[in-house]
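Structure record follows, encoded as structure tokens.
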Amino acid sequence: MDCRTFERELDRWVDPDAGDPRREAALRHAAGCPRCGELLAFARGERDLLGPDEAETLTRSILEATTGSACPAIEERLCDVVDGSAGAEDAALVAIHLRDCAACRGLAATLAALGEDLSGLQEIEPDPRFVGDVLDATTGRRSVSRRIAAAASAWWGRQIRRPRFAVEAAYALATLFALLFGPPSLPSLETGPGEAGTSPIGSIERLIAVREIESSAVGSTAEAVWEATAVPAARGAQRVSSWGIEQSRTVGETIEVVRGSAGPIAGAVWRGDLFAAWNEMEAAGESIAERWRSNPDRPGVGRDEKPTEPRSDRGRNDDDAIEDRSQRRRQP
Amino acid sequence: MRMMETKTLLERCRRGDEAAWEALVRRFQGRIYGIAYCYVGNPEEARDLAQDIFVRLYDRLDACTNDETFVPWLIRLARNACIDRIRRMRARPRPAGVPVDEMFDLPAPGPDPEDQRRITARRELIHRALRRLSAISREIILLREIQGLSLEEIAGTLEIPIGTVKSRTNRARIELAREVTALARPEEKEGV
């Protein structure tokens, strides 16, 4: 067999189990011919001329010329392979690719690490005060002011979300404006009724003048109310105070009379002189009665009942009246 | 001490048991705060939002008709509150000079300070990467990968088909992995 025939039928000599009768002759030729022997070894895959980098470069260039990079196809299966849920064939294909593709190898490693990292992010504990703040905001341990503020805020939030809120707000503002400045058709205060209104500045000046009038009227009214109520009340209080002083004085004098007469009365009784004891008691009683008769505010005296003594202090100052009574007490 | 089942806690809460309510708050505060933080990315805002979520839960305890599915229901409630808050935040102009992605210390377990620092840094990196995702990818990651909801529960929450959830989940994970890798590279160069 010659080299041309050997090369032409090379595919027949690759399979060692092929039952071709000329196979023996072909193998003898390959054993004797270095070139054909090397060719047969390459065809059988028993030799490889490409180094790892050269193989990678060749593979890429072939893929670029045909289907493009296989990385996108590998990425679609990468997650399942990392999770261990991929089929055996897919896992094998991914493994082949990862052997030579550093980028996908890095991606697979990152995916594997992220699995644990992400599960660690499931819970992040907030600061220790968080639970207390949540409980305050929910189970009602809030202060009254915060509850009111929260309720007011919630109410206001509901109001402004109502569709009619804008219309109602505009109406309220327009009404307020009209009350403050008045519509143009109303008569002004200075020019009188039936006449045209003035500018907003004039309306403000009229408003200020009206307020001044009103405040002076309020002041006069307040003063009149004071004269009608507070002054009589103060005078009445003073009279009550004077009455109390007077009553206590008369009671004190009564007690002194009783003390003063108790001794003589007891002595007369001891001596057996009942007539003297009776005289003493009569004198003490008369003395006490005299003091109470001279008290114009003594209990039992009606308003319309005239006092037993002329009350020269009527219509005078209460302090003067008190002094007059004191002078009468001091007289024998 | 045997932990009371969530179903029992819920029943007691509906009867006005304040101790049960406190226990429920403590059980889920970490999860709710974590969800809020994933959405708003700011610890103070997340705290306020988490509190708002619990107030909503308190007002709507009777709305959860099936206690067996309380956790997905709660997460849906939280998600709706987070979305509402984000809409309001977007309507509010941010004050100048305040960084949107400002990170504060997130509490991390680990007795070793070096471990704690490493875990905290890792969490911050992941949160930064999450905020760079699209809104739907971030939600998918949050519901599926972080909170562990099933595909059916996520489909019900987001109102999308289950097949879409599955495909979007893988896509979102790849997207997140790429963002984490991209963010990690400058830090590796800086020796962080």
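The values are calculated or read from the model by the stated rules, or taken from the named source; none is laboratory data. What you see is a predicted model, and the numbers here were worked out from it, not measured in a lab. We place every Cβ from the backbone using ideal geometry, glycine too, and count neighbours over all the protein chains shown.
For this structure, a couple of remarks:
- Scoring A:Ile74 on the criteria (1) in a helix (DSSP H, G or I); (2) among the β-branched types (Val, Ile, Thr); (3) more than 60 Å from the chain's Cα centre (by Cα) leaves a single failure, condition (3).
- Only listed residue being out of contact with any Asp or Glu (no Cβ under 8 Å at 6 or more places or on another chain) and more than 8 Å from chain B (Cβ to nearest Cβ), chosen from A:Ala137, A:Ala86, A:Ala109: A:Ala109
- The set of residues in region B:37-69 that are more than 9 Å from chain A (Cβ to nearest Cβ), of a type in the set (A, V, I, L, M) and within 17 Å of A:Arg129 (Cα to Cα) comprises B:Leu49, B:Ile53.
- Filter result for the condition that a residue is away from chain B (no Cβ under 14 Å), outside any loop (DSSP other than H, G, I, E, B) and without any contact (Cβ under 8 Å) to a residue 24 or more places away in the chain, over A:Thr59, A:Thr5: A:Thr5
- Qualifying residue in region A:20-31 (condition: farther than 22 Å from A:Ala92 by Cα and modelled with pLDDT under 80): yes
- Considering residues of region A:28-56 that are touching a Leu at 6+ places or on another chain (Cβ under 8 Å) and in contact (Cβ under 8 Å) with a residue 12 or more places away in the chain only, the residue surrounded by the fewest Cβ atoms within 10 Å (Cβ to Cβ): A:Ala43
- Verdict on B:Gly163 being over 18 Å from the mean Cα position of the chain (by Cα), surrounded by fewer than 16 Cβ atoms within 10 Å (Cβ to Cβ), free of Cβ contacts under 8 Å to residues at least 60 places away in the same chain and more than 25 Å from B:Ala182 (Cβ to Cβ): yes
- Selection count, region A:77-127, where residues are touching a Lys or Arg at 6+ places or on another chain (Cβ under 8 Å), more than 29 Å from A:Ser61 (Cα to Cα) and in a helix (DSSP H, G or I): 2
- Single unsatisfied condition, A:Cys101 versus (1) surrounded by 15 or more Cβ atoms within 10 Å (Cβ to Cβ); (2) within 30 Å of B:Ala36 (Cα to Cα); (3) out of contact with any helix residue (DSSP H, G or I) (no Cβ under 6 Å at 6 or more places or on another chain); (4) modelled with pLDDT under 90: (2)
- Residue list for region B:123-179, restricted to those being of a type in the set (Gly, Ala, Ser) and assigned to a helix (DSSP H, G or I): B:Ala129, B:Ala135, B:Ser137, B:Ala155, B:Gly156, B:Gly163, B:Ser167, B:Ala172, B:Ala177
- Filtering B:Glu139, B:Glu145 for residues that are among the acidic types (Asp, Glu) and within 11 Å of chain A (Cβ to nearest Cβ) leaves a single hit, B:Glu145.
- Residue count for region B:9-51, restricted to those that are polar (S, T, N, Q) and assigned to a helix (DSSP H, G or I): 2
- Hey, A:Asp48 part of a loop (DSSP other than H, G, I, E, B) and more than 30 Å from B:Thr120 (Cβ to Cβ) or not: yes
- For region A:252-273, a residue qualifies if it is free of Cβ contacts under 8 Å to residues at least 60 places away in the same chain and among the charged types (D, E, K, R), and the qualifying residues are A:Glu256, A:Arg259, A:Arg271, A:Asp273.
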